[in-house]
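Comments concern the structure below.
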């Protein structure tokens, strides 16, 4: 079964301005991924880094909505492997939390890391790692037949 890591952008997306088509499509894709997990068709993994970023949302109403929406099947905390890997990834100009998300996803053997952050997706293509970093819409297009069978 596929293991999917959602970064904090994905958990935020359903509460962003849905008047833009791209944002609405990404929000719908995140909701679909969540539903696939709840129906047992994939596993959502998460980490303390996602929770930290959610807890840093300044607007209380949005933070509360995102916290209520937050869901995962497996939750992980920082370990030495994640920390070392994250430091290595920062050598490729990944932001601190992006490197922590990627290190967590790789350490727990996630197949995909879903994000709506195009810079994160582009930077992750510059070096070798074992997790595919991809937009939730693209993930659903790529894996739809596999998940539904």
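Tabulated values for the structure
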read-out	value
Tally, over region 95-107, of residues that are without any contact (Cβ under 8 Å) to a residue 60 or more places away in the chain and buried (at least 23 other Cβ atoms within 10 Å of the Cβ)	4
Among the residues listed as 79, 91, the single one being loosely packed, with under 15 Cβ neighbours inside 10 Å, out of contact with any strand residue (DSSP E or B) (no Cβ under 6 Å at 6 or more places or on another chain) and in contact (Cβ under 8 Å) with a residue 24 or more places away in the chain	79
Among the candidates 75, 89, residue that is more than 16 Å from the chain's Cα centre (by Cα) and under 26 Å from residue 142 (Cβ atoms)	89
Selection within region 13-27 - in a loop (DSSP other than H, G, I, E, B) and more than 15 Å from residue 63 (Cβ to Cβ)	17, 18, 19, 20
Residue 111 vs. criteria touching a residue at least 40 places away in the same chain (Cβ under 8 Å), in contact with a helix residue (DSSP H, G or I) (Cβ under 6 Å, 6 or more places away or on another chain), surrounded by 15 or more Cβ atoms within 10 Å (Cβ to Cβ) and within 23 Å of residue 26 (Cβ to Cβ)	no
Subset of region 29-47 [in a helix (DSSP H, G or I) and either within 15 Å of residue 2 (Cα to Cα) or touching a residue at least 40 places away in the same chain (Cβ under 8 Å) (or both)]	29, 30, 32, 33, 34, 35, 36, 37, 38
Verdict on residue 50 being more than 21 Å from residue 144 (Cα to Cα), touching a strand residue (DSSP E or B) at 6+ places or on another chain (Cβ under 8 Å) and not in a loop (DSSP other than H, G, I, E, B)	yes
Set 5, 70: member being touching a helix residue (DSSP H, G or I) at 6+ places or on another chain (Cβ under 7 Å), farther than 21 Å from residue 121 by Cβ and modelled with pLDDT of 95 or more	70
All positions within region 2-36 that are in contact with a strand residue (DSSP E or B) (Cβ under 6 Å, 6 or more places away or on another chain) and either surrounded by fewer than 21 Cβ atoms within 10 Å (Cβ to Cβ) or more than 16 Å from residue 73 (Cβ to Cβ) (or both)	3
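Each row is one residue, and each column tells you yes or no for (1) within 21 Å of residue 31 (Cα to Cα); (2) not in a loop (DSSP other than H, G, I, E, B).
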residue: 68; (1), (2): yes, yes
residue: 78; (1), (2): no, no
residue: 85; (1), (2): no, yes
residue: 88; (1), (2): no, yes
residue: 103; (1), (2): no, yes
residue: 106; (1), (2): no, yes
residue: 129; (1), (2): no, no
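The values are calculated or read from the model by the stated rules, or taken from the named source; none is laboratory data. Owing to the predicted nature of the structure, the values given are computational and were not obtained by experimental measurement. For neighbour counting, all protein chains shown are included, and Cβ atoms are generated from backbone atoms with ideal geometry for every residue, glycine included.
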